[in-house]
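A.B. asks: Mind looking over this structure? Questions follow.
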Amino acid sequence: MDAGGVHVLRGGRNGLPGTGSQWFTRATVGVPGDPAQDHQFGFAIRLRDIDRDSDADLLLSGQYSSGNVLLRAGADGVTTRAASEVKIRAEFPQ
């Protein structure tokens with residue numbers, strides 16, 4: 001189906017233990033949109049403090065479609081609270 005998804009691993013002094021890891025797809029509660037064949041959600045990702053609260057928010061884009069998603073972060077990591085579709089693509093300019 002190739003709908004896509006993103007696995008977020010939180011690292012620390014001892015590497016990537018997997019504790020507190022998160023998996024996000026278009027089927028995750030709170031993530032806008034629906035999973036679609038060949039959407040490749042998460043093809044491009046970017047961590048950036050978009051709302052300037054000192055926590056890196058997660059921007060996700062598919063390979064070919066619009067419907068980029070912004071997942072805001074807080075002290076406990078990335079959440080789907082206040083998730084929204086945005087016009088900003090996660091890719092860096094070439």
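Where a number appears in this text, it was derived from the coordinates with a stated rule and is not lab data. In this text, all values refer to a predicted model and were calculated from it rather than measured experimentally. Note that each Cβ is placed from the backbone with ideal geometry, even for glycine, and that neighbours are counted across all protein chains shown.
A.B. asks: Mind listing the Cα extents of the chain along all three principal axes, in Å, largest one first?
C.D. replies: So the three principal-axis extents are 37, 29, 28 Å.
A.B. asks: May I ask which residue of Val8, Gly30, Ala44 lies farthest towards the positive end of the charge dipole of the chain, with charges of +1 (Lys, Arg) and -1 (Asp, Glu) on Cβ and the Cα centre as origin?
C.D. replies: Among Val8, Gly30, Ala44, the one farthest towards the positive end of the dipole of the chain is Val8.
A.B. asks: Magnitude of the Cβ-charge dipole of segment 1-93, K/R +1 and D/E -1, about the Cα centre, nearest 20 debye? Walk me through the numbers on the way to the answer.
C.D. replies: Values: 10 positive and 11 negative charges, 38 e Å.
It works out to roughly 180 debye.
A.B. asks: Taking K and R as +1 and D and E as -1, what net charge do the other residues with C-beta under 12 Å from the C-beta of Val6 add up to?
C.D. replies: +2
A.B. asks: Would you grab the residues whose amide H sits under 5 Å from the one on Val86? Only those 5+ places off in sequence or on another chain, please, with H modelled 1.01 Å from N.
C.D. replies: HN-HN under 5 Å from Val86: Asn68, Val69, Leu70.
A.B. asks: Something else now. For the pair Glu85/Asp55, report the inter-label distance in nm, with labels modelled 7 Å from Cα in the Cβ direction.
C.D. replies: 2.5
A.B. asks: Could you work out how much longer the chain between Ile45 and Thr28 gets when fully extended? Use 0.36 nm per residue separation minus the Cα distance between them, nm to one decimal.
C.D. replies: Additional length available on full extension: 4.4 nm.
A.B. asks: Sticking with this structure for a sec: Given H placed 1.01 Å from N in the peptide plane, which residues other than close sequence neighbours of Gly5 have an amide H under 5 Å from its amide H?
C.D. replies: Result for Gly5 returns Phe41.
A.B. asks: Still on this structure, I have one more. Grab the Cα-Cα distance for Ala75 and Leu9, subtract it from 0.36 nm times how many residues apart they are, and report the gain in nm with one decimal.
C.D. replies: Gain on stretching Ala75 to Leu9: 22.3 nm.
A.B. asks: Tally Lys and Arg at +1 and Asp and Glu at -1 over the other residues with C-beta under 11 Å from the C-beta of Gln63: what net charge comes out?
C.D. replies: Residues close to Gln63 contribute a combined charge of -2.
A.B. asks: Around Gln37, what is the net charge, scoring Lys/Arg as +1 and Asp/Glu as -1 over all other residues with Cβ under 14 Å from its Cβ?
C.D. replies: Once all neighbours under 14 Å are counted, the net charge is -2.
A.B. asks: Quick one: which of 30-41, 74-85 comes out on top by average Cβ neighbours within 10 Å, and what's the full order, highest first?
C.D. replies: Output ranking for 30-41, 74-85: 30-41, 74-85.
A.B. asks: Once you have the Cα-Cα distance between Asp38 and Ser21, take 0.36 nm times their residue separation minus that, and quote the gain in nm to one decimal.
C.D. replies: That pair, Asp38 and Ser21, stretches by 3.6 nm at full extension.
A.B. asks: Could you work out the relative contact order of the chain, using alpha carbon pairs under 8 angstrom and six or more residues apart, expressed as a whole percent?
C.D. replies: 22
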